Amino acid sequence: MAQVITVDSAAGLRAAAADMDGVYEAISHTVTTLYETLTRLGDPISAVPSGTSGSGSATVVSSTDSPRPPWATDATGRKFATGASGYVAMSVDLLQGGFDLAQTLTEFAKGMRQAADGLQGADEFSARR
């Protein structure tokens, strides 16, 4: 007689996916709040959803023109804001990284759910044999 050993890995993966969803929500909320705050202050930054990618929506961050940036528009202000290591480029990179991290986490959670479904299906198939 064969002994049946059950490992509840599918439930564990689903629980981990739910936790990952919570981390996604927290990071997404934080980055969105930062973007909205910077925009209200006049930062020349745009964040636009680029369409649905998996279970979340990817966001593309770019610089835009601002008629009234929150810094001077003289030579010193331009030096501060422009260039590869200027404020605008660094802000775009920071926000893009935050939105990308959130997107990666939601995709990871989706993969965990798919793995749990696969494990559950394999367990059910094995139990019938």
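When you go through (1) free of Cβ contacts under 8 Å to residues at least 12 places away in the same chain; (2) open to solvent by 50 Å² or more (accessible area, probe 1.4 Å) one by one for V23, which number turns out not to apply?
Result: V23 passes all but (1).
For segment 61-80, how many residues are of a type in the set (V, I, T) and part of a loop (DSSP other than H, G, I, E, B)?
Within segment 61-80, residues that are of a type in the set (V, I, T) and part of a loop (DSSP other than H, G, I, E, B) number 2.
The conditions are (1) more than 14 Å from the chain's Cα centre (by Cα); (2) open to solvent by 70 Å² or more (accessible area, probe 1.4 Å), and L119 fails exactly one of them. Which is it?
(2)
The values are calculated or read from the model by the stated rules, or taken from the named source; none is laboratory data. Because the structure is predicted, anything quoted here is derived from the model rather than measured. Positions of Cβ are generated from backbone atoms using ideal geometry, with glycine treated the same way; all protein chains shown enter the neighbour counts. Each accessible area value is taken on the protein alone, full model and side chains, heavy atoms only, with ligands, DNA and RNA left out. Shrake-Rupley method; radii C 1.70, N 1.55, O 1.52, S 1.80 Å.
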